[in-house]
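So the structure is just underneath, and the comments pick up after that.
The values are calculated or read from the model by the stated rules, or taken from the named source; none is laboratory data. Since we're looking at a predicted model, the values are computed, not measured. Backbone-built Cβ (ideal geometry, glycine too); neighbour counts: all protein chains shown.
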Amino acid sequence: MLPNHTTITQFIIEEQRSIQGATGDFTGLLTDVVLACKTISHLTKNGALVNVLGSTQQENVQGETQKKLDIIANTLFLKANEWGGHLAAMASEEMDDVYQIPAQYPRGKYLLVFDPLDGSSNIDVNVSIGTIFSILRCPDHVEQPTVKDFLQPGTQQICAGYAVYGPATMMVLTTGNGVNGFTLDQNVGEFILTHPNIKIPEDTQEFAINSSNQRFWEEPVKRYVSECLAGKTGTRDKDFNMRWIASMVAEIHRILMRGGVFLYPLDSKNKEKGGRLRLLYEASPMSFIVEQAGGLSTTGRQPILEIVPTDLHQRVPVILGSRHEVQRLIDYHQAT
Ligand code: AFP
């Protein structure tokens, strides 16, 4: 760390100073979130050495077998954030119901929603994984928040962020004032501002989709992907590249760094469930970040940030990334 470096704590405090009437509560909350992510980063970097690989016998509310690290990361997040007095309640991918703040701790004014370990199928094979979180304001006069208090559209998020545990650990954040990226200095144990004011290029020649689902896709997605694959020989008149990491955090991070479009669209396989990805702790925070970086997000038929959730673990179709490509996909959906 060099004297001219800005730490994430300094960055958050300086942002808070510019907000009239800010109490420091939000800064305190983010500091706790950051500590949880640093601890998860430490565990992922050590893997088998600290005995965190492998599966458990348990299933989460989605019916997915939980990995050991899913449960450890979830507990870490709860413990790091329950005591500070900033939160009224929490909710996570790994818990069926709302987590109430234990009685011995003071209650705060925020709600925290998170996916503690996104891309868990990658844990055991040493491929990038991440944590996604979203901060909402708890409605006034609510003593004991219930599910309905969390059912706020993405436009009401106070903050959204993710940590990506890749070759370097990074945290990317928005509070509605642009997007900033911080790299963890492993020696000092601090996130340092390394990627200020991230912007997603409006055009791209890269897309990400799980092509094994091709036969289930709807017409607009089939059309889009087949045009990309036709490359220079087709109507797009340019060649495209494709990526699929199966870890949304890593996928969105790549898009923030160099552009691209990510699709987990509605298809005949996931239609009954409403989609594949979860709204409150995957689609909504990622859409907030992408849009703050100048990109666009949609289900194909509706802006993701405008969806009013009906369930804590609701699933939605997701298309997001470089503005012009996402707009093209919206147009294709409108044309059918
Ligand atoms: P998990 O966190 O349960 O592994 O899910 C990861 C994820 O929600 C998202 O990060 C990936 O983009 C997507 O699922 C991968 O889904 P497929 O395995 O169907 O490709």
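Tally up the residues in region 139-163 that are touching a helix residue (DSSP H, G or I) at 6+ places or on another chain (Cβ under 8 Å) and within 21 Å of Gln292 (Cα to Cα), please. Total meeting the criteria: 10. When Trp244 is tested against (1) of a type in the set (Phe, Trp, Tyr); (2) surrounded by 21 or more Cβ atoms within 10 Å (Cβ to Cβ); (3) under 18 Å from Gly119 (Cα atoms), only condition (2) is not met. Residues in region 122-138 that are within 24 Å of Ile289 (Cβ to Cβ) and in a loop (DSSP other than H, G, I, E, B): 3 in all. Any residue at all in region 105-120 that is in a helix (DSSP H, G or I), within 14 Å of the ligand (Cβ to nearest atom) and modelled with pLDDT of 95 or more? No, region 105-120 has no match at all. Within region 313-332, which residues are in contact (Cβ under 8 Å) with a residue 40 or more places away in the chain and surrounded by fewer than 23 Cβ atoms within 10 Å (Cβ to Cβ)? Correct list: His313, Gln314, Arg315, Arg323, His324, Arg328, Tyr332. Checking each residue in region 198-237 for being among the acidic types (Asp, Glu) and away from the ligand (no atom under 16 Å from the Cβ) picks out Glu202, Asp203, Glu218, Glu219, Glu227, Asp237.
Just name the residue that is surrounded by the most Cβ atoms within 10 Å (Cβ to Cβ) out of those in region 160-210 that are over 19 Å from the mean Cα position of the chain (by Cα) and farther than 24 Å from Met1 by Cα. Among residues in region 160-210 that are over 19 Å from the mean Cα position of the chain (by Cα) and farther than 24 Å from Met1 by Cα, the one surrounded by the most Cβ atoms within 10 Å (Cβ to Cβ) is Thr204. Of all the listed residues (Tyr99, Tyr110), the sole one being surrounded by 16 or more Cβ atoms within 10 Å (Cβ to Cβ) and touching a Cys at 6+ places or on another chain (Cβ under 9 Å) is Tyr110. Taking the criterion of being touching a Lys or Arg at 6+ places or on another chain (Cβ under 6 Å), more than 16 Å from the ligand (Cβ to nearest atom) and not in a helix (DSSP H, G or I), would at least one residue in region 78-98 satisfy it? Within region 78-98, one or more residues are touching a Lys or Arg at 6+ places or on another chain (Cβ under 6 Å), more than 16 Å from the ligand (Cβ to nearest atom) and not in a helix (DSSP H, G or I). Can you go through Ser268, Ser297 and tell me which one is farther than 16 Å from Ala160 by Cβ and more than 13 Å from the ligand (Cβ to nearest atom)? Testing whether each residue is farther than 16 Å from Ala160 by Cβ and more than 13 Å from the ligand (Cβ to nearest atom) leaves just Ser268.
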